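One structure is given here, and the rest of the page talks about it.
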Amino acid sequence: FEKMSYEDSFPVNLQQAESTLKLLKSLAVNKEDLFSKGKFTGKIDSMIETNKTKLDRLIVQLTTSSKSREFNDIEIESRKKKVREIKNQEQEIFRKLEHNLLIEMSQTDDLEENKVDSEGNIVPASQNSSSRRNKMLLKEQMKLLNKQDIHLDDLGKITGQMREDNKQINEELAIQHQLIKELDEQISKTTSSFKKADLKLRRLIQSSSKLCLWLIIIF
């Protein structure tokens, strides 16, 4: 058994993952109940997606911390097993939810097809409470999907704008880099010219000194 280090986040993440699983299971049951009553499930769907995203992030963190070299093979394998159990439980929750919703929809369809009034007359689908319930549910689900589409479109626009901004930034950086390069070249040329001018000036001074010396000697 490996002694847990101060930086070991696996136990905390595992506890959070297990709590999130329990919450997802409860939300799935609530969604089934709302669906069976023909009520709007948009709020529950949003909560499910939020916690599913949280759980997926925790699973990634658990998987990463399971590969630490600080632990022996037995501890690493034990952690990997726990991560697999978390994944399997998550899949089972949503598999069961999907299965139960399909059964509920099938039963509702059968009720609509065989719906009769107290006198034995078939009730038209437009007057059937189950049909109205399903239509209302589908309408609400379509609203939610439309909101999600709008959200995705907004994200796409933001992503596109970010790409365009990055492109402009890269172009500006390229221009600045070229200007700096040209400035360096100009500075190098100027420095070289100064050196040549300084050398000529020194030679001129030396020549002038010699000339002055000869003049002094002559006169």
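The values are calculated or read from the model by the stated rules, or taken from the named source; none is laboratory data. Just so it is clear, the model here is predicted, and its values are computed rather than measured. Note that each Cβ is placed from the backbone with ideal geometry, even for glycine, and that neighbours are counted across all protein chains shown.
Filter the stretch 51-104 down to residues that are surrounded by 14 or more Cβ atoms within 10 Å (Cβ to Cβ), of a type in the set (S, T, N, Q) and within 30 Å of G38 (Cα to Cα) and give me whichever is modelled with the lowest pLDDT.
Looking at the filtered set, the residue picked out is N100.
Regarding the stretch 19-28, can at least one residue be identified that is over 25 Å from the mean Cα position of the chain (by Cα) and closer than 26 Å to L101 by Cβ?
There is at least one residue in the stretch 19-28 that is over 25 Å from the mean Cα position of the chain (by Cα) and closer than 26 Å to L101 by Cβ.
Return the pairs, sorted by first residue and then second, in which the second residue is in a helix (DSSP H, G or I) and polar (S, T, N, Q), the first residue lies in the stretch 41-62 and is closer than 14 Å to E90 by Cβ, the beta carbons are less than 7 Å apart, and the residues are 6+ apart or on different chains.
N51/T20; K54/T20; L55/T20; L58/N13; L58/Q16; L58/T20; L62/N13
Looking at the structure I just gave you, is F10 among the aromatic types (F, W, Y), modelled with pLDDT under 85 and surrounded by 15 or more Cβ atoms within 10 Å (Cβ to Cβ)? Write out each step before concluding.
Numbers: among the aromatic types (F, W, Y): yes; modelled with pLDDT under 85: no; surrounded by 15 or more Cβ atoms within 10 Å (Cβ to Cβ): yes.
No.
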